[in-house]
1. Could you work out how far helix 401-413 tilts from the main Cα principal axis of the chain, as a 0 to 90 degree angle to the nearest 10?
2. When only Cα pairs under 8 Å and 6 or more residues apart are kept, what is the percent relative contact order across the chain?
3. Tell me, what is the FRET efficiency for Ala332 and Val97 to the nearest 0.05, using R0 = 41 angstrom and their Cβ-Cβ distance as r?
4. Given a Förster distance of 30 Å, report the FRET efficiency between Lys417 and Arg395 from their Cβ-Cβ distance, rounded to the nearest 0.05.
5. May I ask you to order 373-381, 295-303 by the average number of other C-beta atoms within 10 Å around their residues, highest value first?
6. Based on the Cβ-Cβ distance from Thr360 to Leu214, what FRET efficiency comes out when R0 is 45 Å, to the nearest 0.05?
7. Compute the distance in nm between two label points, each set 7 Å from the Cα along the Cα-to-Cβ direction, one at Glu263 and one at Leu41.
8. Report the one residue of Val357, Ser321, Thr49 whose Cα lies farthest in the direction of the positive end of the charge dipole of the chain (charges on C-beta: Lys and Arg +1, Asp and Glu -1; origin at the Cα centre).
Amino acid sequence: MSAPHLPKVAGIDPTVPVSAHTPGPLAGVPAAPGAFLQDRLAGWVSDLTTLHELTERLAGTSTLDDALHEVLGAGAALVGARRGLIVFEPSDHRGPVATIGLGLAHADLGHIETVPRCATSYGRILDGLPDAKGPLTSPDLLSDASLDPRHREVAARLGYAASYALPLATDATGRLGAAVWLYDEPAEPLERQRHLVGLYSGHASEHLARLLELHRAKAEAAALTEELRPGRLPRVPGVQLAARHRVAPCGGGDWYDALALPEGALGLAVGSVGGSGPSALAAMGRLRAGLRAYAVMEGEDPVAVLSDLELLLRLTEPARSATALFAYCEPAARKVVLAGAGHTPPLVIGDRRTEFVETTLSAPLGMLACWEAPSVEMAPAPGETVLLYTDGLLRRTGDSTDRAFARLHSAAASVPKALRHDAGSVADHVLRTVLPDGLDQVDSTEDVVLLAARFG
């Protein structure tokens, strides 16, 4: 019969005999306390350096997914494991919920999830069991008769024999999740390794809590923005519509609208409210709702529509500025009458011309009531597309105003003829060309709105 297999400590070979007694100093050899202290100090410096480097890398992550992967990899390095998983499941049940694996395929994570939750270390941590408020060590899973048989079966199938688990939690948010690192052979981390990973997990939990708050704020802003968008664009004979909206993470105040008006007319509007976040979204919702009402009552006079809109802004948001452009379109006659309040001029895209509409200079809404200016009338030719947009499209380029306008004009002029029959294709081409190479990222601080109307 072979001798029983002794569990080993992570990083230490169990075949090397370890004396149970501390040998006394050799006779005639003087003690060297200075060298001992130097070695101990060097070890502390090395540990602090490692911890600093790992926390710096973690601080560089800006999304929950990136941070979870970083925490899992750094923790594995600290405890000497090769594989692991993090189950992110905030205790307030508001989400998001995610399982991230290291060295484990999606199918492997599926096998682990077949183990009864109460039998797993991460499940006991997430369920707040009394024995799971701190680290949970399982140095020899395959030989532990107290474990659930399914747990041992899955461990043998996936080839791991030990685990070390830590809760991820903060005082303010409570439990955020649990991290589990897996060893290929019976093992457990050294006391020094436990200390380091404990310190690191404390920093990691605080960082994850901040990212969780940001993630939820972005999700709420995106949901609110989606609710404030038009449900669908109207179908009006003689004109084809398409809209593109890129929302900033904190929820900017850029918006668009299109509504069918009496006698086959069409109202088109774009605008931008100063600021970001919930207050800007609320102001944007009020302005958009107000404009729809004014457009129905007096849409054939865009100046009157914007004049009423400014009065609404002054009454509801006296300290906020906004820009807006409203166009009253008669598709059958291919006639467009528009007025703007501090907004960027529309762009006409056709086979024979690509040019900005010359609108009269005006100040934004709420700026000393001096924005009012005469409306402008234009007549798009058959097949031409009128492109309305917000200044976020220009600002995301990072160029000066003149260069940004030149870039937009060049992008519009380069729309292939094969794409000009479709308003959506025109908008997509302009967006891709003006904002290439990552400028159309979701983490930008600027909203982007494009509203394209192609006249038949």
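The values are calculated or read from the model by the stated rules, or taken from the named source; none is laboratory data. No experiment lies behind these values; they were computed from the predicted model shown. Please note: Cβ atoms are built from the backbone with ideal geometry, for glycine as well, and neighbour counts cover all protein chains shown. Heads up: the accessible areas ignore ligands, DNA and RNA and are worked out on the full protein's heavy atoms, side chains in. Shrake-Rupley method; radii C 1.70, N 1.55, O 1.52, S 1.80 Å.
1. Roughly 80 degrees, rounded to the nearest 10.
2. Working: 829 pairs, mean separation 57.1, N = 456.
It comes to 13 percent, rounded to a whole number.
3. About 0.15, to the nearest 0.05.
4. Working from the Cβ atoms, E equals 0.50.
5. On the way: 373-381: 15.4, 295-303: 18.7.
Highest to lowest by the protection proxy: 295-303, 373-381.
6. On the way: r = 42 Å, r/R0 = 0.93.
Computed FRET efficiency for Thr360 and Leu214 comes out at 0.60.
7. 9.2
8. Val357
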